[in-house]
């Protein structure tokens, strides 16, 4: 927009118009708010996610406190596998930061490598999760069994969908990295950053889910 | 000679008149070029999957007005049955409804329940909110803050394309076996969990609508924070923009718990879980085979955690529209702008801690009731502040009784009735008597129908010239206004009488089989006839709307002599995409009307102060009129 601010010529706008008009602060931070649009957008989205999972955690607390007996997670769930999964997911939070830092520093190859490692971590998490699921289902322990399993499946299932969503974005970023990094380096790095923020949130949800479902 | 007022255009200084002329000339040339070169965009990308906030706003507007009419028609069918229980419909309506819904022309109770649930759902989620936020917000917010578009145009498009399929999915439930959802718009379990398949469609539709509103609200907040024009500080924002900002926060934070609740109910219905299903439930004489241990009240908490802030989502944009219309038509600044903003923000916060006042009769305990009763009384304070500020704004103004202003003036007492009748419902003791009676229906319809919907009408008449470059017919507008005002009161005022007499809101026959309803039963006929006449009163509006698009009187860009950016810094209708030929700069607050010493009675936000010295341009003098336009183009 700033580029056109000094002219009355409508063609400056009309020219760009038919493809994409230029939205201010898409890439650079607005001085008085200190963020670019995408970053504020992802924080707001995460705020709504907090409300979504907050409602589910509240549901769990309410159902558990009002239940005459509620199984302890460590007695019936696979704690070692879930512990391993916790480490896998925390590791992926580190690798996504490494990817972003390398893109910032101009190391396209290393950045892509770390993105790929992050994607692999997500994949590993989903594999381990599906092993847990299939074991339980083969023992006929399904959501309809009781409210413990109902909350377990819904909360970890919704979390798993979030992991899957993150993986799709990582795959997209890896596939388009060369093109985007060449043309719009800063914008691409920003994309990695906001995806990373989302990924940290997905981790954080698991950090809450793990003790509440498996340990307590 | 008085000093000439000057405007900076790029790095040129020129008289306001010249700048205006240059701008219009530039736009005329642009339009000519566009039509000469043919459309640069395909029909699909321009009109179907458009990313221009203005066109998306129009899409939202047309769709939501259609749903508004559909929701209204559902209510008319119900009102016919309530006034004359068991009387067959006229043949053509009976044929339209089909034998499965109205055998022999007489509406089945099951179908009445479907209409009841769908009237609420359609009106709240498919008509009013998309109209208030999707249409008005989308079209006006970027223009009012001097932005070229929303911050995320593609998300904006996606938001509409989640809303429309969500709406169509909801409506499609009428055509499946068992018909539409029939557990009320609140979908309380256990009833909703054991209900017909329509309820599953309702849940899936809601998930689409929630996603749509999430995309929209993120977009609005980012746009308002990030894309404000230079000089447009938060306390210079028009109150309409503030209202949209607060509304977006409510949508952002209140809808996700309903999404969670919808997922849980879907699991209960499809996955056989028992989140909302208590143990030992017996349905039709047979024990229900579920694991049990769930809690039906949990749904109510999650639902009302959304649905109470939703009430403010319904009313805040309306208040924003009314503020703009009142300031413009009294020709003076709004009284207490800061109080309005403060009250609006406080209202937003408080709306998250009042939800359980819908649940006083669920047996949740007196301590919790006392808490929510207190917060409910507190939240009435900011509403009163807003209404009072708008009322005092009229004082000493030279009021122009335009059609939008008539609707705005009617909004004040109508919303007042709606708000004041809410107080007894917010007090737990009084609510014991009034809960689930027609009193409740009367209360919230006064807030939403002659409240919000009147505000929407005011907005449509007010911004119609902005969108089309033409004005709606004044005489037809007044006919529409007076008809609507009289008959809408005819519909809703008797509901208070029925409610105080204890008539339940959910009766298929309108209370005919209850002795205590006998003395007030005759009001059913009066209300229904008023409702049919209310439909008749909308005919001039519908005609006027389409007629004026084609044949309305052409008007100048700033037809109402308004101060806010959407009128003063761009033409009507605005540029195809990008909104502003020149990025506007804001110099003052939004309501600088009748400024002493100013030559006109309005002082646009984007007009520099007269005292600002014009920098010496080459040649030292002003360009002759028209010269700039020719030179630049």
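Structural remarks
- Count of region B:539-572 residues, restricted to those that are touching a strand residue (DSSP E or B) at 6+ places or on another chain (Cβ under 7 Å) and crowded, with 22+ Cβ neighbours inside 10 Å, is 2.
- Residues considered: A:182, A:157, A:165. Of these, the only one that is surrounded by fewer than 17 Cβ atoms within 10 Å (Cβ to Cβ), without any contact (Cβ under 8 Å) to a residue 40 or more places away in the chain and over 22 Å from residue A:123 (Cβ atoms) is A:182.
- Some residue of region B:147-162 being surrounded by fewer than 18 Cβ atoms within 10 Å (Cβ to Cβ), under 19 Å from the mean Cα position of the chain (by Cα) and at pLDDT 95 or above: yes
- Each residue in region A:107-149 was checked for being free of Cβ contacts under 8 Å to residues at least 24 places away in the same chain, touching a helix residue (DSSP H, G or I) at 6+ places or on another chain (Cβ under 7 Å) and assigned to a helix (DSSP H, G or I), and 2 pass.
- Of the residues making up region B:413-431, not a single one is over 21 Å from the mean Cα position of the chain (by Cα), surrounded by fewer than 18 Cβ atoms within 10 Å (Cβ to Cβ) and in a strand (DSSP E or B).
- Condition check for residue B:450: touching a helix residue (DSSP H, G or I) at 6+ places or on another chain (Cβ under 8 Å), touching a residue at least 24 places away in the same chain (Cβ under 8 Å) and in a helix (DSSP H, G or I): yes
- In summary, residue A:68 fulfils each of the numbered conditions (1) outside any loop (DSSP other than H, G, I, E, B); (2) surrounded by fewer than 19 Cβ atoms within 10 Å (Cβ to Cβ); (3) at the interface with another protein chain (Cβ under 10 Å from one of its Cβ atoms) with the single exception of condition (1).
- Annotation: residue B:446 fulfils all but one of (1) closer than 26 Å to residue B:562 by Cα; (2) modelled with pLDDT of 95 or more; the unmet one is (1).
- Residue within region B:398-406 that is at pLDDT below 95 and surrounded by fewer than 22 Cβ atoms within 10 Å (Cβ to Cβ) present: yes
- Selected residue (criterion: nearest to the chain's Cα centre (by Cα)) from residues of region B:338-381 that are surrounded by 17 or more Cβ atoms within 10 Å (Cβ to Cβ) and not in a helix (DSSP H, G or I): B:354
- Some residue of region B:278-299 being more than 14 Å from chain A (Cβ to nearest Cβ), surrounded by fewer than 18 Cβ atoms within 10 Å (Cβ to Cβ) and at pLDDT 95 or above: no
- Residue A:111 meets each of the listed conditions (1) buried (at least 21 other Cβ atoms within 10 Å of the Cβ); (2) within 14 Å of chain B (Cβ to nearest Cβ) apart from (2).
- Checked against the criterion of being assigned to a helix (DSSP H, G or I), modelled with pLDDT under 95 and either at the interface with chain B (Cβ under 7 Å from one of its Cβ atoms) or crowded, with 16+ Cβ neighbours inside 10 Å (or both), the candidates A:12, A:3, A:47 yield just one match: A:12.
- Filter result for residue B:536 (modelled with pLDDT of 95 or more and exposed (fewer than 14 other Cβ atoms within 10 Å of the Cβ)): yes
- Selection count, region B:573-597, where residues are more than 13 Å from chain A (Cβ to nearest Cβ) and surrounded by fewer than 22 Cβ atoms within 10 Å (Cβ to Cβ): 9
- Any hit, region B:521-529, residues being at pLDDT below 95 and assigned to a helix (DSSP H, G or I): no
- Residues that are over 29 Å from the mean Cα position of the chain (by Cα) and within 7 Å of another protein chain (Cβ to nearest Cβ), drawn from region B:251-277: B:267, B:271, B:272, B:273, B:274, B:275
The values are calculated or read from the model by the stated rules, or taken from the named source; none is laboratory data. As the structure is a computational prediction, the values presented were derived from the model and not from experiment. Cβ sites come from the backbone with ideal geometry, for glycine too, and all protein chains shown count toward neighbours.
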